[in-house]
Amino acid sequence: MTDHGHDHDHDRTVKPMVDEITDFEVLEIALRELCIEKGIFTAEEHRRFTEFAEQIGPTPAAHLVAKAWLDPEFKKLALAEPMTASKEVGVDWMEPTGFGTPSDFTAFQILANTPTVHNVIVCALCSCYPRPILGNSPEWYRTPNYRRRLVRWPRQVLAEFGLYLPDEISVHVQDSNQKHRFMVMPLRPEGTQDWTEAQLVEIITRDCLIGVALPKAGVTTNVITDTRPAVHPGTAG
Amino acid sequence: MSAAGDPGATEHVDIDALKQIVHRDQTWPRMAAKYGVENPVPPWKTSLDGLCDALDQASCDANVPNFKERRDEEDALSATLYSGLPYPENQLVSLAHSLVARGIIDEAELKRRLASIRERLEA
């Protein structure tokens, strides 16, 4: 039997929620129901893809890099056979969803940074991204602003994320496509010599794996960037 | 009503049902601030991701946009007609626009469905 004479505040025990049905929530349901009724896909297919979208994130990729930092043999494997190395962190690129391969996942490569080369990934055409191992792409990765400008002015765009690279480090921009996905393996930062895999994973953020940030002891969050609207070349003054 | 093929062509299709949604502006940043919710994205986002993946998988059907067409149209519409919407609202409304402009979903049918779903959710 619960005694309500205790002193905790019930208003603070439940997280607030939006107590209003929004048009966008209704629209998402409407599109889904109509597509299912028209036979474009089944409710079961939608459920499985949604579960896939729910469970993916950058954790497997962070573990892969941490393992490579700790074990030179695993690093060799990761660079030579990235699909095999991915399996060791729980990602099967040939069956990423566990229920058949979505059309856009076929080849995967890991780009290792060196003291003189920094890698960064983009999809200039649309927003191809190594989703099975890195989760859903951040909003800015999808914007024409990032996609168009990174290819032309990589240092300027990286500086917008707070990453200033000296001239002696060359920047390699790797363009992804529907058949070929990439992720970056950054260099292990100083001050992490005795760290465990779990500690290292904390600082290998999504941004480091895209290449717009470098891992640093004590930094465990991604950069927050304002999404800039792209200026259409045809309308630019 | 069909505007498949050219991502820019879909912009010229007028869809009243979507205009009304944009006008009412129940976007997540506003809703989250109003109710003190901290989630960065709305609760329907992963279902939308599932919807897009399921569509991409099914795109061999006539006029259903494939992955690239869907994203091109989303980019074109998000930069023009729906530039006032944040992400992922612009992704959702652009997708709805593409499906109506391509004739996959009829606008009158969409309006009826929006009304019946709202009635169901508010029952």
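Report Rg/Rh for the stretch A:57-210, rounded to two decimals, where Rg is the Cα radius of gyration and Rh the Kirkwood radius. Spell out each step's value before the answer.
Numbers: Rg = 15.2 Å, Rh = 15.9 Å.
My calculation of the ratio gives 0.95.
With springs connecting C-alpha atoms under 10 Å apart, model chain A as a Gaussian network and identify which of A:164, A:129, A:141 has the largest mean-square fluctuation.
Highest fluctuation among the options: A:164.
I want to check the label-to-label distance for residue A:177 and residue A:59. Put each point 7 Å from Cα in the C-beta direction and report it in nm to one decimal.
Each label point is offset 7 Å from its Cα along the Cβ direction, giving 3.4 nm.
Taking springs between alpha-carbon atoms closer than 10 angstrom, which of A:167, A:23, A:71 fluctuates most in the Gaussian network model of chain A?
A:23
Would you mind getting me the FRET efficiency between residue B:35 and residue B:120? Use the beta-carbon distance for r and R0 = 22 Å, nearest 0.05. Mind dumping the intermediate values first?
Details: r = 22 Å, r/R0 = 0.99.
The value I calculate is 0.50.
Note down the nm distance, to one decimal, between modelled labels 7 Å out along Cα→Cβ at residue A:14 and at residue A:221.
Simple spin-label model gives 2.9 nm for this pair.
Report the charge-dipole magnitude of the protein assembly as shown in Debye, nearest 20, computed about the Cα centre from +1 at each Lys and Arg Cβ and -1 at each Asp and Glu Cβ. Kindly include the intermediate steps, with their values, before the conclusion.
On the way: 37 positive and 54 negative charges, 186 e Å.
Dipole magnitude for the protein assembly as shown comes out near 900 debye.
Listing B:87, A:146 from the residue with the fewest other Cβ atoms within 10 Å to the one with the most, what is the order?
Numbers: B:87 19, A:146 26.
Least crowded to most crowded, the residues run B:87, A:146.
Magnitude of the Cβ-charge dipole of the stretch A:57-210, K/R +1 and D/E -1, about the Cα centre, nearest 20 debye?
620
Return the calculated 222 nm mean residue ellipticity for chain A, to the nearest 500 deg cm²/dmol, obtained by summing -39500 (n - 2.57) across DSSP H runs with n ≥ 4 and dividing by the residue count. Present the calculation step by step, with values, prior to reporting the outcome.
On the way: 11 runs with 92 residues, N = 237.
About -10500 deg cm²/dmol.
At 10 °C and 1.306 mPa s, what whole-number value in µm²/s does Stokes-Einstein give for the translational diffusion of chain B, with Rh from the Kirkwood sum over Cα pairs? Spell out each step's value before the answer.
Details: Rh = 15.2 Å.
This corresponds to a translational diffusion coefficient of 104 µm²/s.
Looking at chain A, which longest stretch skips every one of the GluC sites (Glu not before Pro) that is in a DSSP loop with at most 14 other Cβ atoms within 10 Å, leaving the sites themselves out?
On the way: sites that count: A:20, A:168, A:190.
Result for the longest clean stretch: A:21-167.
Taking the protein assembly as shown on its own, what percent of its Cα-Cα pair distances exceed 40 Å? Could you put the intermediate results ahead of the total?
Numbers: 12667 of 64620 pairs.
Summing the P(r) tail past 40 Å for the protein assembly as shown gives 20 percent.
Which whole number gives the average count of other chain Cβ atoms within 10 Å of the Cβ atoms across peptide A:14-22?
Numbers: counts 0, 4, 6, 6, 12, 4, 4, 6, 13.
Mean shielding by partner chains, rounded to a whole number: 6.
Please list, ordered by chain and number, the residues whose modelled amide H lies under 5 Å from the amide H of residue A:111; skip anything fewer than 5 residues away on the same chain.
Residues meeting the amide H criterion: A:183, A:184, A:185.
Of the candidates A:143, A:116, A:220, which one comes out as most mobile in a Gaussian network treatment of chain A with C-alpha springs shorter than 10 Å?
The residue that fluctuates most here is A:116.
Which of the listed residues, B:103, B:87, B:117, is farthest toward the dipole's positive end in chain B, when Lys, Arg count +1 and Asp, Glu count -1 at the beta-carbon?
Projecting each Cα onto the dipole axis, the largest value belongs to B:117.
For each pair in A:15/A:216; A:87/A:179; A:87/B:68; A:87/B:45; B:68/B:111; A:67/A:179, compute the distance between the two Cα atoms and list the pairs where it is over 22 Å. Please list the in-between numbers first.
Working: A:15/A:216 33 Å; A:87/A:179 19 Å; A:87/B:68 28 Å; A:87/B:45 28 Å; B:68/B:111 27 Å; A:67/A:179 26 Å.
Those over the limit are A:15/A:216; A:87/B:68; A:87/B:45; B:68/B:111; A:67/A:179.
All of the numbers you see were taken from the coordinates with simple rules; none came from a lab. These numbers come from a predicted model, not from an experiment. Don't worry about glycine lacking a Cβ; one is built from the backbone with ideal geometry, like all the others, and counts go over all protein chains shown.
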